[in-house]
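Colleague: Dropping the structure in here first, questions after.
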There are 2 protein chains.
Amino acid sequence: MEKKSIISKITEAGLKKTKYRVNIIDLLEKSNTLLSAQDIHTQLIKNKTKVNLSTVYRTLDKLTENGIINKVDIEQEKQSLYEYNRDEHHHFLICKNCNKIETIYNCPLHDYEQEIMKDSGFYITGHKIEFYGYCKECQKSLNISSL
Amino acid sequence: MEKKSIISKITEAGLKKTKYRVNIIDLLEKSNTLLSAQDIHTQLIKNKTKVNLSTVYRTLDKLTENGIINKVDIEQEKQSLYEYNRDEHHHFLICKNCNKIETIYNCPLHDYEQEIMKDSGFYITGHKIEFYGYCKECQKSLNISSL
DNA sequence: CATGCAAATGCAAACCGTTTGCATTCATAT
DNA sequence: ATATGAATGCAAACGGTTTGCATTTGCATG
């Protein structure tokens, strides 16, 4: 993503443009994996951007509040993870062996939610699914026959 | 559940029968809500069973490892919660207003999992769903029209 | 019933990801 | 150019959970 549109993301949210916000959005937008606050901190330091870990946390909070990024809490991960928000509903496939996290973009729950609402009276506004299992590579190395 | 069958649960798992294990299983089996380690500790103290919090944690770990209870991590809850394992596949409805957690017992994901496995090559062994929204009572108090 | 051994427990301290209070610096509206 | 509130750095606190170690307990065995 160009720097311009990163900056407009920030200002449109009513936030001040700071180098950390720009850098962190950029990092997340470019990353093809979920990143923890620590990961991001390490990356920034590596890129010669000295920054305090607590600033990273505060930045991530602000960006999450404003819908620019998503905070993702995965069951067995101790650290919260973050991703750039591309406004695409998705869920994660979590490998129990190598801990790799894959993303899937279709979701079958819409009809089912209607059904639950009718049956239970609970008004559903969102959901989260995590699938656990073994990725292609680990199936081979662990000798798991998938189908 | 009678005390006898609690004890056989413990011994069948190859664990020593201790008063804490018996009491904690009993508590969870009787509870109609999920309980945290703290909740359980408080309950035991209230029932005149002096016990250390770290023992509660160790007991819950052991019982979880042996499939007698389930550990449940809910997104915004800081503490892990525990429930007696009734071997019924289920998911939770989490009220964003009062934080009450309801349980639902049917699940539409089986067919969908087959599809994902075929499409992605990822071998799925389990999943977790959380639904967020508003329970019946909170819909009234917050004036949310559900349908 | 006595005994030995591994497992379970209590206690205090550590752990670790995250948050917070406060003084300083910075972004931006005027 | 400047004033003002927001953002940052730093160190310390927080809080749920884990751990090391000395002591106690459950239970298999004789």
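Colleague: I want to confirm something. Restricting to segment B:89-123 and keeping residues that are within 23 Å of A:E102 (Cβ to Cβ) and hydroxyl-bearing (S, T, Y), which single residue is surrounded by the most Cβ atoms within 10 Å (Cβ to Cβ)?
Modeller: Step by step, filter segment B:89-123, then rank; the result is B:Y123.
Colleague: Just one of B:E115, B:E88, B:E102 is in contact with a helix residue (DSSP H, G or I) (Cβ under 9 Å, 6 or more places away or on another chain), more than 13 Å from DNA strand C (Cβ to nearest atom), farther than 18 Å from B:Y20 by Cβ and acidic (D, E); which is it?
Modeller: When all the criteria are applied, what remains is B:E102.
Colleague: Which of (1) within 15 Å of DNA strand D (Cβ to nearest atom); (2) over 15 Å from the mean Cα position of the chain (by Cα); (3) surrounded by 13 or more Cβ atoms within 10 Å (Cβ to Cβ) does A:T11 not meet, given it meets every other one?
Modeller: (3)
Colleague: Out of all the residues in segment B:22-45, is one or more exposed (fewer than 14 other Cβ atoms within 10 Å of the Cβ), farther than 30 Å from B:L93 by Cβ and more than 10 Å from DNA strand C (Cβ to nearest atom)?
Modeller: Within segment B:22-45, one or more residues are exposed (fewer than 14 other Cβ atoms within 10 Å of the Cβ), farther than 30 Å from B:L93 by Cβ and more than 10 Å from DNA strand C (Cβ to nearest atom).
Colleague: While we're here: Can you tell me which residue within segment A:49-67, out of those that are in contact with a strand residue (DSSP E or B) (Cβ under 8 Å, 6 or more places away or on another chain) and within 12 Å of A:A13 (Cβ to Cβ), is nearest to DNA strand D (Cβ to nearest atom)?
Modeller: Among them, the one singled out is A:L63.
Colleague: Quick one: is B:I25 away from DNA strand D (no atom under 12 Å from the Cβ), out of contact with any helix residue (DSSP H, G or I) (no Cβ under 8 Å at 6 or more places or on another chain) and among the aliphatic types (A, V, I, L, M)?
Modeller: no
Every number here is computed from the coordinates shown, using simple stated rules; none is lab data. Everything numeric in this text was worked out from a predicted model, so none of it was measured. Quick reminder, even Gly has a Cβ in these numbers, built from the backbone with ideal geometry, and neighbours come from all protein chains shown.
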